[in-house]
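For reference, the structure discussed in these notes is given below.
None of the figures in this text is laboratory data; all of them are computed from the coordinates on show. What you are looking at is a predicted structure, and each value in this text was computed from that prediction instead of being measured. As a convention, Cβ positions derive from the backbone with ideal geometry for all residues, glycine included, and neighbour counts pool all protein chains shown.
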Ligand SMILES: Nc1nc2c(ncn2[C@@H]2O[C@H](COP(=O)(O)OP(=O)(O)OP(=O)(O)O)[C@@H](O)[C@H]2O)c(=O)[nH]1
Ligand SMILES: [Mg+2]
């Protein structure tokens, strides 16, 4: 993308809070979902837009369910940065590791968000420990805490590249 526009793709396990994260950043974001036992689940993608550091940020949220790998592949094309959302109440699971390993093989800037930090069972420090050398931002997509600051910090690293 052009220098003043950035495509950021949001990955993470099923139910981690990817759609909520994009909703918190852009209240007018759009979400293509179907109903599931845990409420709405993404079956195509989320799309949100906002301006950060004078750059137009295009946020694409992916589906977390394993069977939607083909959707993630399509949405990933041409991304300038990737965010992995981790549910801080359940920790770094197999799917999170899968996304991490996949993204590490690409030369794409990456940050982690430890989500649901409003929840009493959240363990953001354990997530940092499980991902040595990686940047992990504690956030709550539900109450919006730290979401803008975390994205701002990530965009700053992209702009510096
Ligand atoms: N307590 C708490 N709950 C959250 C937070 N963010 C999301 N949730 C809840 O977690 C559930 C899943 O949120 P979604 O945003 O749909 O998660 P997702 O990662 O997009 O899920 P899929 O698209 O199905 O993979 C919903 O019940 C949300 O209300 C948070 O910061 N705190
Ligand atoms: Mg979703």
Qualifying positions in segment 92-109 - under 10 Å from residue 13 (Cα atoms) and touching a residue at least 24 places away in the same chain (Cβ under 8 Å): 92, 93, 95, 96, 99
Residue tally, condition over 16 Å from the mean Cα position of the chain (by Cα), assigned to a loop (DSSP other than H, G, I, E, B) and in contact (Cβ under 8 Å) with a residue 12 or more places away in the chain, over segment 115-134: 5
Pair list, Cβ < 6 Å and 6+ apart or interchain, from segment 58-77 residues that are free of Cβ contacts under 8 Å to residues at least 60 places away in the same chain to residues that are assigned to a helix (DSSP H, G or I) and within 12 Å of ligand 1 (Cβ to nearest atom): 59/22; 61/18; 61/19; 61/22; 62/72; 63/71
Count of segment 1-53 residues which are without any contact (Cβ under 8 Å) to a residue 12 or more places away in the chain and within 13 Å of ligand 1 (Cβ to nearest atom): 5
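Residues 57, 84, 22: which one is within 16 Å of the chain's Cα centre (by Cα), away from ligand 2 (no atom under 13 Å from the Cβ) and within 29 Å of residue 129 (Cβ to Cβ)? Reasoning before the result, please.
Numbers: 57 fails: within 29 Å of residue 129 (Cβ to Cβ); 22 fails: away from ligand 2 (no atom under 13 Å from the Cβ).
None of the other options fit; the residue is 84.
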Flag for residue 141 being closer than 21 Å to residue 14 by Cβ and part of a loop (DSSP other than H, G, I, E, B): yes
Residues located in segment 25-47, provided they are within 12 Å of ligand 2 (Cβ to nearest atom) and surrounded by 21 or more Cβ atoms within 10 Å (Cβ to Cβ): 42, 45, 46
Residue match in segment 56-63 (condition: farther than 17 Å from residue 150 by Cα and either more than 9 Å from ligand 1 (Cβ to nearest atom) or surrounded by fewer than 21 Cβ atoms within 10 Å (Cβ to Cβ) (or both)): no
